[in-house]
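**Student:** Please find one structure pasted underneath; my questions will follow.
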Amino acid sequence: MQCGSSHATPSEGPGSVCRIALTFDDGPSDWTGPILDLLAAYDARATFFVIGSHASDRSDVLRRIVAEGHEVGNHTWSHPRLASDCTDDRVHDELERTNEALTSILGFAPTRFRAPQYDVDDRVCAIAASLGMTHTRGDVRPPDWDPRCTAAFSATLILQQAAPGVVVGQHDGMPPETIDSGADRQATVDAVAVALPRLRERGFECVTASELLGAGAAP
């Protein structure tokens, strides 16, 4: 049975199971824990691209992410537009400072990063490569950073565009400049709650970005 069919299930054998990567940016935050709970309930794995300045306040959440089989990635220290607004030195500092923070908590540095707003070019990728990291694309990107984006819209977009090898980009937190705005990411949590069981019913296995793309593969 073709992977992605509404009638396919993971129990129908290896041929019916295909991989998709769920990824989350801007955390960790109050909404990371509920997303981890959902992932655990559906035996799914994901990648969390962490803002370095958030890391030390939620080191327990980061350790839980790793302990439960998920992946931690680098999402810069302060969430600037890397290609558009940052010099080489600033790009290096944003990424290296976050790596150092994550290493102090987890004991290792990430091998993947995602540029805020996907603002990346060859220059940024080369600097990241010097730090041992590869950029991670997002093929399906619900605008869940916008408070007008509902859980139903995000879930529908994910399910409509789900296909083997797709990387889904969502947000489990907020950039430093908006963290006190009163906004939340509950709609993202609710979208994950809708999407996960339906992806599973259709034969998708949710894995980390590195499991899907390869630890050293091109983005």
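**Student:** Is at least one residue of region 191-198 of a type outside the set (A, V, I, L, M) and under 23 Å from Val66 (Cβ atoms)?
**Tutor:** no
**Student:** Tell me which of these Val66 doesn't satisfy, since it passes every other one: (1) surrounded by 19 or more Cβ atoms within 10 Å (Cβ to Cβ); (2) in a helix (DSSP H, G or I).
**Tutor:** (1)
**Student:** Let me ask something else about it. Tell me, please, whether a residue that is free of Cβ contacts under 8 Å to residues at least 40 places away in the same chain, surrounded by fewer than 16 Cβ atoms within 10 Å (Cβ to Cβ), of a type in the set (A, V, I, L, M) and farther than 23 Å from Val189 by Cα can be found in region 89-98.
**Tutor:** no
**Student:** Looking at region 126-141 only, could you name the residues that are surrounded by fewer than 19 Cβ atoms within 10 Å (Cβ to Cβ) and not small (Gly, Ala, Ser)?
**Tutor:** Leu131, Arg137, Asp139
**Student:** Considering only region 28-44, state which residues are part of a loop (DSSP other than H, G, I, E, B), out of contact with any Leu (no Cβ under 7 Å at 6 or more places or on another chain) and over 28 Å from Gly182 (Cα atoms). So that I can check it myself, show each step before the final result.
**Tutor:** Applying the first criterion (part of a loop (DSSP other than H, G, I, E, B)) to region 28-44 yields 28-31, 42-44.
From the residues that got through so far, the ones that are out of contact with any Leu (no Cβ under 7 Å at 6 or more places or on another chain) too are 29-31, 43.
Across region 28-44, the qualifying residue is only Asp43.
**Student:** Inspect region 69-81 for any residue being surrounded by fewer than 16 Cβ atoms within 10 Å (Cβ to Cβ), out of contact with any His (no Cβ under 7 Å at 6 or more places or on another chain) and farther than 20 Å from Val167 by Cα and give the result as yes or no.
**Tutor:** There is at least one residue in region 69-81 that is surrounded by fewer than 16 Cβ atoms within 10 Å (Cβ to Cβ), out of contact with any His (no Cβ under 7 Å at 6 or more places or on another chain) and farther than 20 Å from Val167 by Cα.
**Student:** Kindly check whether there is at least one residue in region 146-156 that is out of contact with any helix residue (DSSP H, G or I) (no Cβ under 8 Å at 6 or more places or on another chain) and under 24 Å from Asn74 (Cα atoms).
**Tutor:** The answer is yes, given that some residue of region 146-156 is out of contact with any helix residue (DSSP H, G or I) (no Cβ under 8 Å at 6 or more places or on another chain) and under 24 Å from Asn74 (Cα atoms).
**Student:** Inside region 19-38, can you point out the residues that are touching a strand residue (DSSP E or B) at 6+ places or on another chain (Cβ under 6 Å) and either surrounded by fewer than 20 Cβ atoms within 10 Å (Cβ to Cβ) or of a type in the set (S, T, N, Q) (or both)?
**Tutor:** Once the filter is applied, which keeps residues that are touching a strand residue (DSSP E or B) at 6+ places or on another chain (Cβ under 6 Å) and either surrounded by fewer than 20 Cβ atoms within 10 Å (Cβ to Cβ) or of a type in the set (S, T, N, Q) (or both), region 19-38 yields Arg19, Thr23.
**Student:** Restricting to region 183-206, give me the number of residues that are under 13 Å from Leu159 (Cβ atoms) and among the β-branched types (Val, Ile, Thr).
**Tutor:** 2
**Student:** Of all residues in region 136-150, count the ones that are within 18 Å of Leu213 (Cβ to Cβ) and either without any contact (Cβ under 8 Å) to a residue 40 or more places away in the chain or among the basic types (Lys, Arg) (or both).
**Tutor:** The number of residues fulfilling the criteria is 4.
**Student:** Any residue at all in region 161-169 that's more than 30 Å from Arg200 (Cβ to Cβ) and of a type outside the set (Val, Ile, Thr)?
**Tutor:** no
**Student:** What number goes with the only condition from (1) crowded, with 22+ Cβ neighbours inside 10 Å; (2) in a helix (DSSP H, G or I); (3) of a type in the set (D, E, K, R) that Asp144 does not pass?
**Tutor:** Here Asp144 meets the rest and fails (2).
**Student:** Could you tell me which numbered condition Asp57 fails, if it satisfies all but one of (1) closer than 16 Å to Thr98 by Cα; (2) surrounded by 15 or more Cβ atoms within 10 Å (Cβ to Cβ)?
**Tutor:** Of (1) closer than 16 Å to Thr98 by Cα; (2) surrounded by 15 or more Cβ atoms within 10 Å (Cβ to Cβ), only one is false for Asp57: (2).
**Student:** Mind telling me which of the residues Pro110, Pro80 ends up being in a loop (DSSP other than H, G, I, E, B) and farther than 26 Å from Cys206 by Cα?
**Tutor:** Only one candidate qualifies: Pro80.
**Student:** Among the residues of region 103-114, is any out of contact with any helix residue (DSSP H, G or I) (no Cβ under 8 Å at 6 or more places or on another chain), among the hydroxyl-bearing types (Ser, Thr, Tyr) and at positive phi?
**Tutor:** So far as region 103-114 goes, no, none of its residues is out of contact with any helix residue (DSSP H, G or I) (no Cβ under 8 Å at 6 or more places or on another chain), among the hydroxyl-bearing types (Ser, Thr, Tyr) and at positive phi.
FYI, it's all coordinate maths here, none of it is from the lab. Because the structure is a prediction, the values reported are computed rather than measured. Counting neighbours? That spans all protein chains shown, and the Cβs are built from the backbone with ideal geometry, glycine included.
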